Structure formats: structure tokens, C-alpha cells
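As C-alpha cells, the structure follows; a few thoughts come after it.
The values are calculated or read from the model by the stated rules, or taken from the named source; none is laboratory data. Note that the coordinates shown come from a computational prediction; the quantities given were computed from them, not determined experimentally. Ideal geometry is used to build each Cβ from the backbone, glycine not excepted, and the neighbour counts take in all protein chains shown. Just so you know, the surface numbers come from the protein's heavy atoms only, side chains and all, with ligands and any DNA or RNA stripped out. Shrake-Rupley method; radii C 1.70, N 1.55, O 1.52, S 1.80 Å.
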Amino acid sequence: MTTPPDRQDSAHLPQRPADQRVFTLRFTASPRGARLARRLASHQMDAWGWSYGSPAHDAVELVVAELAANAVTHGRVPGRDAGLRLSAQDAGHVRVEVSDARGERLPVARGTGTEEDGGRGLVLVASLAKEWGTAPRPGAPGKIVWAVVPTGLR
């Protein structure tokens with residue numbers, strides 16, 4: 001016989017997304033995977049209390065979209081997934097980390113004055129984030145591109 005949910009020890013139940021301070025996701029290194037990462041990050045921000053359309057929500061969603069698109073475009077290795085990690089920090093920031101399998105290909109922000117079609121995503125990330133950078137991916141080949149996005153107080 002199953003114990004009703006209201007009678008179970010809550011320490012053994014999975015936490016609801018709003019109660020968690022960290023969200024992680026592995027996604028396929030494809031445009032569809034990057035889109036899924038953006039959509040689930042958007043959902044998680046809403047669950048944490050930053051409603052759809054709020055400045056903090058939209059900033060994190062855009063940073064995830066840019067970093068995930070870069071990971072699947074420039075960091076793709078066939079058969080290897082990419083990763084997303086969001087952590088809501090007490091100081092009014094959300095840390096966004098996107099990992100891929102190509103550690104030798106570090107991102108470079110291009111100036112806004114170039115005539116190339118692409119390459120402006122990291123300029124957007126830099127404008128929305130308090131800081132951003134790269135780090136080696138621990139325990140596996142690849143890199144992590146991270147950004148700390150200010151959210152203000154809810």
C-alpha cells in the first residue's frame with residue numbers, strides 16, 4: 001500500500017523546481033537541443049519567481065539562448081551532449097553555465113563594427129551579464145562558458 005503524499009516524510013520526496021536553487025540539463029548538441037535548453041531555463045526562471053517577461057527572466061533566457069547556440073554551433077562533437085546549469089545565487093544573480101566538448105575552441109567576442117553576419121552573441125552576453133568567462137570542464141574534455149546575470153530582488 002502506498003502512503004498518501006501528505007503523510008510521507010518530505011525529506012524523501014523530490015523537491016519542486018521552485019524549491020531548488022540549481023537546475024541542470026544535458027541536451028543534444030543540435031539546434032533543437034539548444035532551443036530546449038532555452039525553453040526549460042525560461043520555465044525554471046518563472047518557477048523561481050522571475051515571471052515571464054520580467055527583465056531578469058528575459059536576460060537569463062537570452063544569455064542561455066546565446067551560449068547554447070554557440071555550444072551546438074562551435075562546440076559540437078558528434079555523439080557528445082552539451083550541458084546547462086543554472087544556479088540562483090543569494091546576492092541577486094543567476095549563474096548560467098553551458099558546457100560543450102570542444103575545449104580547444106574558446107569563444108571570442110567580436111566588436112560591433114565588423115561586417116560579418118554573425119558573431120554578436122557574446123557582445124549581447126557581455127552587456128547583460130555582470131561578468132562572463134570560460135573554464136575547463138571538470139572530469140571530461142571540453143569547456144564551460146559561464147555568465148553571472150544580475151536579477152535584482154524579487
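Between A140 and R85, residue separation times 0.36 nm minus the direct Cα-Cα distance comes to 18.2 nm.
Given a 1.4 angstrom probe, I'd like the percentage of the accessible area of segment 72-115 that is carbon and sulfur, rounded to a whole number. Carbon plus sulfur share of accessible area: 45 percent. A simple spin-label model places pseudo-atoms 7 Å from Cα toward Cβ; at L36 and L106 they are separated by 3.1 nm.
Remark on H93: its backbone amide H falls under 5 Å from those of T151, a criterion applied only to residues 5 or more positions apart or on other chains, H modelled at 1.01 Å from N. Relative to one another, the C-alpha centroids of segment 127-150 and segment 59-101 are positioned 8 Å apart.
Rolling a 1.4 Å probe over the heavy atoms of the protein chains gives segment 37-90 an accessible area of 44 Å² per residue.
Which shape class applies to segment 49-116: rounded if a/c is under 1.5, otherwise prolate when a/b exceeds b/c and oblate if not, where a ≥ b ≥ c are the square roots of the Cα gyration tensor eigenvalues? It is oblate, given that a/c is not under 1.5 and a/b is not larger than b/c.
Per-residue packing, averaged as other Cβ atoms within 10 Å, sorts the ranges 71-83, 122-134, 32-44 into the order 32-44, 71-83, 122-134, beginning with the highest. Note on L124/V77: beta-carbon distance plugged into 1/(1 + (r/R0)^6) with R0 of 30 Å gives a FRET efficiency of 0.75.
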